[in-house]
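Working notes for the structure below.
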Amino acid sequence: MADVITTLSSDTFDEVLASSTEPVIVDFWAEWCGPCKMIAPILEEIAVERKGTVKVAKLNVDDHPDLARRFDVMSIPTLIVFRDGAPAKRLIGAKGKGQLLQELGEFL
Amino acid sequence: MVEADEPGVTVRDVVIIGSGPAGLTAAVYSARANLAPLLLEGEPSSTSDQPGGQLMLTTEVENFPGFPEGVMGPELMGRMREQALRFGTEVVTAKATSVDFSSHPLRIRSGDEEHLSRAVIVSTGARSLMLGLPAESRLLGHGLSTCATCDGFFFRGREIAVVGGGDSALEEALFLTKFASKVTLIHRRDQLRASKIMQERALRNDRIEFLWNHTVVDLHGETRLEAAVVRDTISGAQRVFPLDGLFVAIGHQPNTDIFAGQLDRDAAGYLVTGPGTATNVPGVFACGDVQDHTYRQAITAAGSGCMAAIDAERWLEATGHG
């Protein structure tokens, strides 16, 4: 399951987003964030179930605070959906799978 | 579990709603009593209304017996969950959305699913109160936070405030001093209701300042919090208090909305129990913070969860199902 989610870094971030033909859901997370851990398996499921429609990637804000600042992330988990390399939607806070699917509906 | 009158529908002995220390302890006890409980543990969220409950948003728990070095809140809850699973609790990651306790078997609905049970243990806990300001929903996650452990990191070197005067407010303030340059505790009275040990720690910490006798009456900032408007509760004077972050810890309200009209509640919305953990509906028992606004500790919640499991087991025996 580990490969279904792309791990982003400051070096790869822009390239991955610019080269993707599908929308990319980026999960801004950290090891110490409990709610982030709760939604991680849900995001893996979405990545598997919607393969080809949407990509899921994650960014550790501890390792890359520059990117958290660049996208004004002040609370995690934050999910930002990038379409054609640009932010198209932002969801803040952990949610159940049903609600996540509903709020991400336009990209799935 | 046996077949109900309706063919193909199983009626359980025990369904437990909620998975904090009360619900998980009730699960351990009723699973060990071979009651094969079903636990509706809730859904992921960034509030305390999530699997594991309020301890999922805390850091170090120093007062749970058996952990002399302390234990992290999420780790403690993970261990309780493992213990419940070990004895055969069936866990469903979903919230109860409505209940029908008007007849037996008792009915618990979770989205499209309906569960039937002879006994129900309610351990839905309590959630954090918000300030109730119009700007709140706009600024939540943009400088306004209810989870210091989730968001403290983003306030490194910034000036922030915590609203509240209880143990959770002081715990958040102390935790936030690891990141923030200054933490102001805004409290509506001139003394704290927090425990002595927490008060001493906070008063001793030179990064924490106190703004006594003040309440937050408005928030400024369009896309990001810029200031709070605070009001002096004695003079009534208002002023703008610039800050980068505001953490809310002003108390809790019980999660009892789905039981309205079915289970007796007190004026504050807490479930009324007694004798023991019994509610007004035979076969429905309540434990933990959903019925306790006095003690509200992990250990008292766990203790009452044990009581609810024993009460449910005896009730099942007495009604010929044990």
(message) Checking the structure you have, find out if any residue of region B:138-145 is under 30 Å from B:Thr300 (Cβ atoms) and within 11 Å of chain A (Cβ to nearest Cβ).
(response) yes
(message) Among the residues of region A:33-44, are any within 14 Å of another protein chain (Cβ to nearest Cβ), surrounded by 15 or more Cβ atoms within 10 Å (Cβ to Cβ) and in a strand (DSSP E or B)?
(response) no
(message) Looking at the structure I just gave you, is A:Asp72 of a type outside the set (Phe, Trp, Tyr), over 19 Å from A:Asp84 (Cα atoms) and free of Cβ contacts under 8 Å to residues at least 12 places away in the same chain?
(response) yes
(request) Scan region B:143-184 residue by residue and report those that are in contact with a Phe, Trp or Tyr (Cβ under 6 Å, 6 or more places away or on another chain), closer than 17 Å to A:Ala30 by Cα and not in a helix (DSSP H, G or I). (result) B:Ser145, B:Arg156, B:Phe179
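Every residue, every condition in (1) at positive phi; (2) out of contact with any helix residue (DSSP H, G or I) (no Cβ under 6 Å at 6 or more places or on another chain); (3) buried (at least 24 other Cβ atoms within 10 Å of the Cβ), yes or no:
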residue: B:Ala84; (1), (2), (3): no, no, yes
residue: B:Val92; (1), (2), (3): no, yes, no
residue: B:Ser98; (1), (2), (3): no, no, no
residue: B:Ser102; (1), (2), (3): no, yes, no
residue: B:Gly111; (1), (2), (3): yes, yes, no
residue: B:Pro134; (1), (2), (3): no, yes, no
residue: B:Ser145; (1), (2), (3): no, no, yes
residue: B:Gly166; (1), (2), (3): no, yes, no
residue: B:Phe175; (1), (2), (3): no, no, no
(request) Select, from B:Ile121, B:Ile186, the only residue that is touching a residue at least 12 places away in the same chain (Cβ under 8 Å), touching a Ser or Thr at 6+ places or on another chain (Cβ under 9 Å) and not assigned by TED's automatic domain parsing to the domain that holds B:Trp212. (result) B:Ile121
(message) Name the residue that is nearest to B:Ile258 (Cα to Cα), counting only residues in region B:12-37 that are of a type in the set (A, V, I, L, M) and assigned to a helix (DSSP H, G or I).
(response) B:Ala22
(request) Filter region B:148-165 down to the residues that are within 9 Å of chain A (Cβ to nearest Cβ) and of a type outside the set (Phe, Trp, Tyr), then identify the one that is farthest from A:Trp32 (Cα to Cα). (result) B:Arg156
(message) I want to confirm something. Restricting to region B:101-113 and keeping residues that are out of contact with any Asp or Glu (no Cβ under 8 Å at 6 or more places or on another chain) and touching a residue at least 12 places away in the same chain (Cβ under 8 Å), which single residue is nearest to B:Gly18 (Cα to Cα)?
(response) B:Ser110
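The values are calculated or read from the model by the stated rules, or taken from the named source; none is laboratory data. Here the structure is a predicted model, which means the values were calculated and not measured. When we count neighbours, we look across all protein chains shown, and the Cβ atoms used for this are built from the backbone with ideal geometry, even at glycine.
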